[in-house]
1. Give just the number: which of (1) touching a Gly at 6+ places or on another chain (Cβ under 8 Å); (2) in a helix (DSSP H, G or I); (3) at pLDDT 95 or above; (4) within 10 Å of another protein chain (Cβ to nearest Cβ) does B:Ile128 not satisfy?
2. Mind checking which residues of segment B:1-42 are aromatic (Phe, Trp, Tyr) and within 9 Å of chain A (Cβ to nearest Cβ)?
3. Which one is farthest from A:Cys447 (Cα to Cα) among residues in segment A:149-178 that are in a strand (DSSP E or B) and small (Gly, Ala, Ser)?
4. Quick one: which residue in B:Ala416, B:Ala406, B:Ala477 is more than 25 Å from the chain's Cα centre (by Cα) and of a type in the set (Gly, Ala, Ser)?
5. If you take the residues in segment A:116-125 that are facing chain B (nearest Cβ under 10 Å) and among the charged types (D, E, K, R), which one is surrounded by the fewest Cβ atoms within 10 Å (Cβ to Cβ)?
6. When the residues of segment B:43-57 are narrowed to those that are part of a loop (DSSP other than H, G, I, E, B) and in contact with a strand residue (DSSP E or B) (Cβ under 7 Å, 6 or more places away or on another chain), which ends up farthest from the other protein chains (Cβ to nearest Cβ)?
7. Can you confirm whether segment A:315-335 contains a residue that is of a type in the set (S, T, N, Q), within 28 Å of the chain's Cα centre (by Cα) and either surrounded by fewer than 19 Cβ atoms within 10 Å (Cβ to Cβ) or part of a strand (DSSP E or B) (or both)?
8. Here are some residues: A:Gly191, A:Gly221. Which one is surrounded by 22 or more Cβ atoms within 10 Å (Cβ to Cβ), of a type in the set (Gly, Ala, Ser) and in contact with a helix residue (DSSP H, G or I) (Cβ under 9 Å, 6 or more places away or on another chain)?
Number of protein chains: 2
Amino acid sequence: MTPLSEDVSAWYNELVFKAELADRGPSKGSMVIRPYGYRVWELLQSQLDQRFKDTGHVNASFPLFIPMSYLEREAEHVEGFSPELAVVTHAGGKKLEEPLVVRPTSETVIGEMYAKWVSSYRDLPILINQWANVVRWELRPRIFLRTTEFLWQEGHTAHATEAEAREETIRMFDVYAEFANNVAAIPVVQGEKTPGERFAGAVNTYSIEGMMRDGKALQSGTSHYLGTNFAKAFDITFQDENSQLQHAHTTSWGMSTRMIGAVILAHGDDAGLVLPPRLAPIQVVIVPIGRGDQAEAVAAKASELADRLKAAGVRVHVDDRDASPGFKFNDWELKGVPFRVELGPRDLEAGHVLMAQRVGEVDDKGRAVKETLGFDEFVAGMPVRLDAYHDHLHERARSFRDEHSATIDDWDAFVAQVAVGFAYALHCGEESCEDDIKSQTAATPRCIPTESGEETGACIRCGKDSAYGKRVVFARAY
Amino acid sequence: MTPLSEDVSAWYNELVFKAELADRGPSKGSMVIRPYGYRVWELLQSQLDQRFKDTGHVNASFPLFIPMSYLEREAEHVEGFSPELAVVTHAGGKKLEEPLVVRPTSETVIGEMYAKWVSSYRDLPILINQWANVVRWELRPRIFLRTTEFLWQEGHTAHATEAEAREETIRMFDVYAEFANNVAAIPVVQGEKTPGERFAGAVNTYSIEGMMRDGKALQSGTSHYLGTNFAKAFDITFQDENSQLQHAHTTSWGMSTRMIGAVILAHGDDAGLVLPPRLAPIQVVIVPIGRGDQAEAVAAKASELADRLKAAGVRVHVDDRDASPGFKFNDWELKGVPFRVELGPRDLEAGHVLMAQRVGEVDDKGRAVKETLGFDEFVAGMPVRLDAYHDHLHERARSFRDEHSATIDDWDAFVAQVAVGFAYALHCGEESCEDDIKSQTAATPRCIPTESGEETGACIRCGKDSAYGKRVVFARAY
C-alpha cells in the first residue's frame, strides 16, 4: 500500500478498498458501504442517536422527493443547492407535471409539514431528527468525503423564540463536538462559519473542524440557526400566549458518513486504518495458533476468552480462518483493530496471551511491542484498556493538531502554515479577500473559534481592519 | 372517528392521522412517518435486525440510483418493475447520458457488486442485508400499505449451492413468520406463492399472510429463491473446489413499513389503535390526577413508579399535560397503549393504582374494567403482564382468523367465503383461471400453505385437475 507519508490521496483510496470499508458504486460518484464500514456507521449512529434522545429529540421520516417549487421558495437556499440537484422527471411511465428533486437536505419539505402541524405555541418546540440518504451531485467524488449520495442525520427543530432556537443550535453544536472527542477521538475546533461559508439559507452556521494527518481540515458536523427564513418561506406560524401570530424560529444540524472519512484521515498510518475503540467493529481479535493435537485445546480457550470478553461488553472476534498467523496479524492491523492477541500452545500452558496494541510502544525495528497478560488480567482489564487506548488516540491527535497549528501575523508565514496545518489569523471578513486567499493558497476560513480570545488588528491578506473581534482558523480542507 | 365495523377504509385513514402515526407528504403518494409511527418502526427494526445478526447476517448500504440498463439484464425483472419506476434524467444541471432509476429493489445493483467481490467458493456465502428506502410509483396510494416511497430491509445472499440457497430462503421465511407471531402478535399463514404471484425474476417466492379485521389478507414479508437468474444476468461466478467455474445461487427477502399497516389493521378496533406491546412506543402510561396541594405528591409518586418501571425495561410515559384525565385516557386509548394507569390522591393514600388494559375485560357498558394494584405488585408484575397481553392479542387474532377461514369445495360458498375471510380451495394452477377468479370475486391466491396436508381434486373454478397437490388460500388482499 502507498504510505500515508508519501501520498495521502493514494493511501486513502487504497485503504478504503483494501480494508473493505467501501467500494465504488455503478453510477458515477456513488458508493457502496461494505459491511465493515457500515458497522462503523451503525456504531456511530447508535451512539449519536442516544445523545439526540437524551436531549429530547425523536426520529421521523420525511419524503425523498421534493417538488422543485419548494426549493425556490427560499432564495439563498435554491441558489446554493441548484447546481447539485438530481431531478426525477418521469415516473410510472409518464412525464411528471412538476419535476421532483431528490432531497439534497430537507429544510423545505420539513418546513411544509411543520406549517401543517403547528398552530399554537403549545405545539412548540418540535424536536425531530431523521436518519436518511441525501443526494448532491459532485463533480469530484471521493468515497465517504464527497459522494453523489450519502447517509446522514438531519435534525430540524422549530421554536417559539429566537433565544430558544439559538440555545438549541448551540446545544447540538456541543453534542457534535463532544461526540467527535469522546467517540471518534478527534479533538475538533469549534466555531462559527464566516458569512461566505454559511449554509444556504442560514443566519448562523457553526461547525466542528478536525485536523487530518496531512494538516488539512475536515468539517465533521454543522449546526445552523435559520432564523425565520424557512418559517417565512413555508408559513410556519403560531399564535403566541397573547394570541398574536408569530413566525417560528428554526434550526437544522447534520452529521454524515463523511465522519467515517474523518476517522480514517485523522488516525490512520502507513500500516492502515486506526480505529478509535468506540467505533471499532472489532475491538479485540484473537488469533489462535496451533496445529494438529494442540489446535483443539487452543481453539477452545480462544472461544472461552472471547465469550468472557463479550459478556463484559467487548466486541471481540476469533480469527479461525485457514491462513497464517502473520497474514492475519497484518490483515487486522490494516483494518485498524485496537488489540490483536495471539494464543498458541505454549501460551496456553503458561496461562497467558501475547497482546499487541495497534498504536502503542514499538521496538527498534518499529514493530509493536507485545505484552504478556494472564488470562484473567486480559479479560478483566480490557474495558479499562479500551478507554485508555481511546484517550491515547485522542491525545495523539491533539498533540499533532497543536504542533500543526500556529498564530500567524505575516503573509509568507501564513502561506507556509496553511501548507502544513491550521493558521490562526486576523481577517477583514470580505468575501473577495477570502476568495483571494483561496486562490493563492487553497486555504479557506474554516471557522471563527468559539474559544479564541478577543483580538483585532490588520487583515492577514489585505491589511484592512479585522472583523469578528477574533482570529479566524484558515486551512486547506477536504 | 368512523367505526371500524362501519367502514374499514375510512377508519384506517382517520386513525393514521389522528394517532399521529403518519401524514401525507407533498408529492402524490408520498408519506411522512411521524415520530409516534417512526418509533414503532424503530422497535420493529431493532428486533428484526437482531434476528438477522443472530442468523449470521451483516448490514451494508448500496446506491439509491441504478443505471436503467442493469434492470434490463434480467428480462422478467424489468418487465415486472418497469411500470413503477421513477427515473432521474437530469443531475448537476445536465442531462444524464444514461437515465438512472431510483431503486424499486436492489437485486441488480447488488448483483453487480457481488460479481466483483466473488471469485472463489471461499468468498461464499455472502449474507448481507440493507435497511433502505425504495420507490415504486403507485397509482392508488395508501399510507403504509402502498406509497411511492417506503422504508424496508432487503436481504441479499449468494451461495455456492442450490441446497444452501434454498435453506437460506426458508430460514428467512421462518424468521419473518416467527417475528410476525412473536413481535407483531399476528398469526400468519406461511406458504409459497403461485407462479403468477411470484417476485419478478424469482424461481420461488414464499410469503407470510396475516388476516386483517375485515377478513382481507395482508402480505407482510416475502423470501425469494432466485436460482441463478441474477447470477447469470450479472455474472456472479466462482471457482468451486474443483476449479470449475460455477454460477452462484442467490436469494432475497424483505419486510417493509407495510408491517405497520398490518399491525393497525390486524389489531385495531372502534376506539382506535391496539399496539402489541413489543412494538408499542409506550407500554404503560401513567396519568396523575390531583390538583392544588395534592398535585405535587401525586406527581412525585408517578415519577417514582415510572423510574422503577424503566429500570425493569418497561417503556413508560407520565402524561403531565395540562388536560383532563378523561381527555388523556381517550387519547392513549386511541394511540393503542397497552396499559393506562390513573393515580389520584386517594390512590396514593391507599397505596395502589387503578389500571385499565387496552384490550381486556369490559363491563356491561363496554368500558374497560379497572384493576386495583398495589404499587409493588404493579411494578414487579408489569413485564409478565406485557407478555400475557401479547399472548392475549395473538390468541384473539388467531381465533378471529380461524373463525374467518374455511375449507371450500363449492363455487358459491367460495364467493361468500372470500367476502369475509380466507378460503382454502383446490385450484388448477392456470393463470387465466386465477385472473377469472380475481375478476369475479376480487380474491387472489395468497399462498400454498406450507402446513396444509396433501390433497388433489377438481379446481374450485374451472373443475380441471388441481395443481400443487395441496389447497391454496384465496382471499381479497391489501
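1. (2)
2. Those that are aromatic (Phe, Trp, Tyr) and within 9 Å of chain A (Cβ to nearest Cβ): B:Tyr36, B:Tyr38, B:Trp41.
3. Residue satisfying both the conditions and the ranking: A:Ala158.
4. Values: B:Ala406 fails: more than 25 Å from the chain's Cα centre (by Cα); B:Ala477 fails: more than 25 Å from the chain's Cα centre (by Cα).
The conditions single out B:Ala416.
5. Step by step, filter segment A:116-125, then rank; the result is A:Arg122.
6. Within segment B:43-57, the subset part of a loop (DSSP other than H, G, I, E, B) is B:55-57.
Pick out the ones that are also in contact with a strand residue (DSSP E or B) (Cβ under 7 Å, 6 or more places away or on another chain) and you get B:56-57.
Details: B:Gly56: 12, B:His57: 9 Å.
Selected residue: B:Gly56.
7. yes
8. Exactly one residue qualifies, and that residue is A:Gly221.
The values are calculated or read from the model by the stated rules, or taken from the named source; none is laboratory data. Since this is a predicted model, take the numbers as computed values, not measurements. Cβ: placed from backbone, ideal geometry, glycine included. Neighbour counts: every protein chain shown.
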